[in-house]
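Below is one structure, written out as structure tokens; the observations come after it.
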């Protein structure tokens, strides 16, 4: 392929210490690869898309890493704009294509396409059932056949939709349009995880501020430590409620130095890699003896281009469904879910707030009312609140460990426990709803999904694509904003956090303001971030 050949030529020049000659070839190779992906991804099924991107994004990453390394030199600073522009175009590429495909399948008026869709959806439900149980060798027998058949159906649908998808793919906005959209005291930060040929991991931050003619660059070289030793240190301090005086310097200090230089108070942050699982407001700044939450308003975005799609309309959500106090059934063999009696109180308190501030009565699903079929048949509530267990099975360490860790789609390894989650014969636990199935829900008009139970923000992290978990699934289903938790929170404190959140949200209709309000109120009572920093709001 021509793009790969240009990439190899650029690598040759760089290895020869001739960066000026390498630069144009890196840039052209990356441009060609991005265009190649744009044209070909819509014609592939989900597993093919992931494999395609993992194989070909190295060319794009090589250009980005080259710019990151040489950005401090005047002769190469002009590449910062094109590098950020390319990143905006390619970050979340699979999510955008998947979302378009999902919406086209749902609204298909073509009988042949609808027939394929119904067969494919039935297969996906079967895969979700099977993913709940262990098997000795998932590469053999009916599972392997079912995966292949499902992939083939998805490929057929993708090919039928191929031309409209390509024709309707919009050109990415220029990064300077994003810059012009920023207000005084605001900035936008694009984080990129990169790896060189020797396996060294880097994190590169590109910061856009109104006052600077080019993006500002911060390269953090010790990526492996951020993902392993430093990460374990950070999470242990969170869980054991220990004041962490080191993680700020490791993860954020050079970024904050730039934010302070430009007096940034509000930051739009699009993370990558380990930064998806880190909540920066929870970082403690020893020099100021304060948490970052106390001086920086941070907004999480899956892609910075979401800034340009914000309409500023704080509409009141029409119709709310609150799920909690579920009956999971008696404990069964294998994984079982314990009752969460506090979630009954949680949704009743939230319902009372709806009555107080909006004179509205939300729909409450409790006990045995919230089964899988009920959720899958739900049609576009304005707000969906789910107070129940989330689950995530990490990728397997050994072959045959568990089917839940072996199936192809990472979205099969994350999900929610609904009514009857502990019941059912092997492989058919009707109360488990996978993220795979969530992505097919009808939520195009849903303003906000709140996942208030533990670790609903977990999933498999893919560079440049984010977390393959519930957050991604609800965005694919159409939800505009998703509130998730990064760790388990004390029940009583969690209820109080939600009380504060909805008190503010039902008056402002701004989930970002409600998040900040709830966080500050709980922080005033409990100093440790464990209590107040576990929730993260993601905008599509």
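The values are calculated or read from the model by the stated rules, or taken from the named source; none is laboratory data. Not measured: the values here are computed from a predicted model. Neighbour counts are summed over all protein chains in view; Cβ atoms, including those assigned to glycine, are modelled from backbone coordinates with ideal geometry.
Could you grab me the full set of residues in the range 485-528 that are touching a residue at least 60 places away in the same chain (Cβ under 8 Å), touching a helix residue (DSSP H, G or I) at 6+ places or on another chain (Cβ under 6 Å) and closer than 19 Å to residue 283 by Cα? Within the range 485-528, 519, 523 qualify. Kindly indicate whether any position in the range 29-39 is surrounded by fewer than 24 Cβ atoms within 10 Å (Cβ to Cβ), at negative phi and modelled with pLDDT under 90. Yes, the range 29-39 has at least one match. If the condition is being touching a strand residue (DSSP E or B) at 6+ places or on another chain (Cβ under 8 Å) and either at pLDDT below 95 or part of a helix (DSSP H, G or I) (or both), then the range 506-537 contributes 511, 512, 515, 516, 518, 519, 523, 529. Of all residues in the range 67-76, those being in a helix (DSSP H, G or I) and either surrounded by fewer than 16 Cβ atoms within 10 Å (Cβ to Cβ) or outside the structural domain of residue 37 (by TED's automatic domain parsing) (or both) number 2.
The number of residues in the range 471-485 that are closer than 15 Å to residue 386 by Cα and in a loop (DSSP other than H, G, I, E, B) comes to 1. Any chance the range 307-319 includes a residue that's crowded, with 18+ Cβ neighbours inside 10 Å and either outside the structural domain of residue 489 (by TED's automatic domain parsing) or at pLDDT below 95 (or both)? Yes: one or more hits.
If you go through the range 284-296 one residue at a time, do you hit one that is part of a helix (DSSP H, G or I), in contact with a strand residue (DSSP E or B) (Cβ under 7 Å, 6 or more places away or on another chain) and either closer than 18 Å to residue 91 by Cβ or touching a residue at least 12 places away in the same chain (Cβ under 8 Å) (or both)? Within the range 284-296 (the criterion being part of a helix (DSSP H, G or I), in contact with a strand residue (DSSP E or B) (Cβ under 7 Å, 6 or more places away or on another chain) and either closer than 18 Å to residue 91 by Cβ or touching a residue at least 12 places away in the same chain (Cβ under 8 Å) (or both)), the answer is yes, since at least one residue qualifies.
When you check residue 245 against the structure, is it outside the structural domain of residue 62 (by TED's automatic domain parsing), surrounded by fewer than 21 Cβ atoms within 10 Å (Cβ to Cβ), within 30 Å of residue 488 (Cα to Cα) and at pLDDT 95 or above, yes or no? Criteria met by residue 245.
With respect to the conditions (1) in contact with a helix residue (DSSP H, G or I) (Cβ under 6 Å, 6 or more places away or on another chain); (2) surrounded by fewer than 21 Cβ atoms within 10 Å (Cβ to Cβ); (3) at pLDDT 90 or above, residue 64 falls short on a single one, namely (2).
Listed conditions (1) assigned to a loop (DSSP other than H, G, I, E, B); (2) free of Cβ contacts under 8 Å to residues at least 12 places away in the same chain are all met by residue 316, apart from (2). Among the residues of the range 248-295, those identified as surrounded by fewer than 18 Cβ atoms within 10 Å (Cβ to Cβ) and over 24 Å from residue 528 (Cβ atoms) are 254, 257, 260, 261, 262, 263, 265, 266. Any residue that is touching a residue at least 60 places away in the same chain (Cβ under 8 Å), in a helix (DSSP H, G or I) and closer than 22 Å to residue 514 by Cα - is there at least one of those in the range 233-253? No: the range 233-253 contains no residue that is touching a residue at least 60 places away in the same chain (Cβ under 8 Å), in a helix (DSSP H, G or I) and closer than 22 Å to residue 514 by Cα. Of the residues examined, residue 492 is one that is over 26 Å from residue 382 (Cβ atoms), over 22 Å from the mean Cα position of the chain (by Cα), in a helix (DSSP H, G or I) and modelled with pLDDT under 95.
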